[in-house]
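To keep things clear, I will list the structure first and then write my remarks on it.
Read-outs: derived from the displayed coordinates by stated rules, not from any lab. It should be emphasised that the depicted structure is a prediction, and the values quoted were computed from it without experimental measurement. Please note: Cβ atoms are built from the backbone with ideal geometry, for glycine as well, and neighbour counts cover all protein chains shown.
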Amino acid sequence: MQPSFWHEKWDAQQIGFHLSAVNPLLIQFWPQLKLPANSQVFVPLCGKSLDMCFLAEQGHEVLACELNELAVAQFYQENNLTHTVEQIGEHKRYSTEQVTIYQGDIFSLQNTNSTELDKTSAFYDRAALIAWPEAMRLQYAKQLAYLIPAGSVGLLVTLDYPQAELNGPPFAVSDDWVQANMGADFEIERLACEDVLSDNPRFVKKQVSSLTESVYKLTRKG
Ligand SMILES: C[S@@+](CC[C@H](N)C(=O)[O-])C[C@H]1O[C@@H](n2cnc3c(N)ncnc32)[C@H](O)[C@@H]1O
């Protein structure tokens, strides 16, 4: 999607993707990664997700990226977190103890010491891969692979449904797509695949015939 699409959604607060609680899948599956508490976790396309608070509560350092400035401001404000802001190249770096968000385009983020991404050892992708239409999805997956160091482990959450029955986002991402397009950069293990149609009224209302949610453990290959 073009940046203007997301800026308009945030301006209008049409943020149906935002969950008012920590994602239960994160709570359920994160322990399987068996990460040391002080690991740095990269959260691409973070929005103002409370999942970042959960990760910080596990003792992790959260390093995130989000395009929209209002989303970032709301995250710190709504969680009562005083923060600093500094300009790092094209991005604004918002930071409080344990949660740093680079506000700007993920495609211009670099994996360098100055962005701290070289210290990352884990990642969490919920509603990031599936936010991209097919034409841009591989470019995003390659950027994610570029940004995180070899050996990093993470969770990827996807949705799959007959794409012809509904326009994204979220876009349908099949297991075949993940295996075919991410297998070169990641070891892939599917941890779960559940029927979630009845939990998603928007899909039911639009008469989408099936909807599954998958959770993957991905390990960045060396
Ligand atoms: C579907 S939302 C998901 C947000 C969050 N992961 C969550 O679970 O609530 C996608 C987010 O990606 C952000 N975004 C879109 N394009 C981006 C880009 N090029 N770089 C960084 N963030 C981007 C949007 O502003 C939006 O907040």
Would you kindly calculate the mean projected area, averaged across all directions, of the convex hull enclosing the Cα atoms of segment 25-179, in square nanometres? 9.4
Can you tally the net charge around residue 94? Count Lys and Arg as +1, Asp and Glu as -1, for every other residue whose Cβ sits under 10 Å from the Cβ of residue 94. -1
Can you pick out the pairs among 119/142; 34/217; 34/221; 48/92; 48/206 whose Cα atoms lie more than 21 Å from each other? 48/206
Let's see if you can work this out: charge +1 on each Lys and Arg Cβ, -1 on each Asp and Glu Cβ, no other charges. What is the dipole magnitude of segment 151-222 about its Cα centre, in debye to the nearest 20? 220
Could you give each residue of segment 3-20 its phi-based ³J(HN,Hα) in whole Hz, using Karplus coefficients 6.51, -1.76, 1.60 with θ = phi - 60°, and x for Gly or Pro? x, 4, 4, 6, 4, 5, 4, 5, 4, 8, 6, 8, 10, x, 6, 6, 9, 7
Output ordering of 94-105, 15-26 (per-residue mean of other Cβ within 10 Å, highest first) is 94-105, 15-26
Note down the Stokes-Einstein diffusion coefficient of segment 182-222 in µm²/s, whole number, using a Kirkwood radius over alpha carbon pairs, 25 °C, and 0.890 mPa s. 205
Averaging 1/r across every pair of distinct alpha carbons in segment 109-222 and inverting yields a Kirkwood hydrodynamic radius, in angstrom, of 14.8
